[in-house]
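The values are calculated or read from the model by the stated rules, or taken from the named source; none is laboratory data. For clarity, every value in this text was computed on a predicted model and none was experimentally measured. Here the Cβ is made from the backbone with ideal geometry for all residues, glycine too, and neighbour counts use every protein chain on show.
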Amino acid sequence: MGIFAIRTTAGQERIVASIIYRRARERKEPIASILIPDGIRGFIFIEADNKETIRRITFGIPHVKGRAIGKIPIEQLEQFLVPKTAITPIKSGDIVEITSGPFRGERARVIKVDTDKEEAVVELLTSASPIPLRVHIDVIKVVRSESGGGT
C-alpha cells in the first residue's frame, strides 16, 4: 500500500472524495483510506495498492486535475492526522449565542448538529416564527446545555 496525491479543483475536495469513496465501494477497489487535509487546498490523498488503482477509480471524475502524483511518505502527512478536539460539545436542545454574522448576539436553540460539516441548525429564540438557520460551530457558544448546566 502507498499514499498517492490527487490534484483537484480547490474547494471541490469533499465532492471528489465522496465520488471516489462510492466508486471504490461499488467496484470493490482496494482503497484503504482517503484524506482531505484542512491545510492543503486542491489536493486529496488516497491510500491504495498502486497507481493503476488510482487511475481506474478517478477516471472521468469532474474536478480531478491530476492523478497519482507519486507515493507520499506518511511522515509528510502526520501533521494532518492529529484529531481536532472540540472545546465545547454542542448537542440538540442546547441554548447558544451566535457570536458572528448578521445574527450576532442572538440566542438560539440547537435543532441538529452535523459534526462532519462542523455545522449546526439553530432556531432563533426571539423570532415570532421559527426559522432554521445553518451556522458553523465556530460562531456559536453554548449558553445553557440541555442537561441543565452551562456557562
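Summary table
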{"quantity": "Top-ranked residue in segment 93-118 [being surrounded by fewer than 16 Cβ atoms within 10 Å (Cβ to Cβ) and within 13 Å of residue 138 (Cα to Cα); ranked as nearest to the chain's Cα centre (by Cα)]", "calculated": "117"}
{"quantity": "Residues within segment 29-44 that are outside any strand (DSSP E or B) and of a type outside the set (Asp, Glu), tallied", "calculated": "7"}
{"quantity": "Close pairs from segment 24-51: first among the charged types (D, E, K, R), partner at pLDDT below 85, Cβ under 8 Å, at least 6 apart", "calculated": "38/80; 47/1; 49/1; 51/67; 51/68"}
{"quantity": "Candidate set: segment 1-28, residues that are in a helix (DSSP H, G or I) and more than 16 Å from the chain's Cα centre (by Cα); chosen: the one surrounded by the fewest Cβ atoms within 10 Å (Cβ to Cβ)", "calculated": "26"}
{"quantity": "Criterion: modelled with pLDDT of 80 or more, among the acidic types (Asp, Glu) and not in a strand (DSSP E or B) - qualifying residue of 52, 47", "calculated": "52"}
{"quantity": "Residues being free of Cβ contacts under 8 Å to residues at least 24 places away in the same chain and touching a strand residue (DSSP E or B) at 6+ places or on another chain (Cβ under 9 Å) - total across segment 128-145", "calculated": "5"}
{"quantity": "Number of positions in segment 119-151 that are part of a strand (DSSP E or B), β-branched (Val, Ile, Thr) and within 20 Å of the chain's Cα centre (by Cα)", "calculated": "4"}
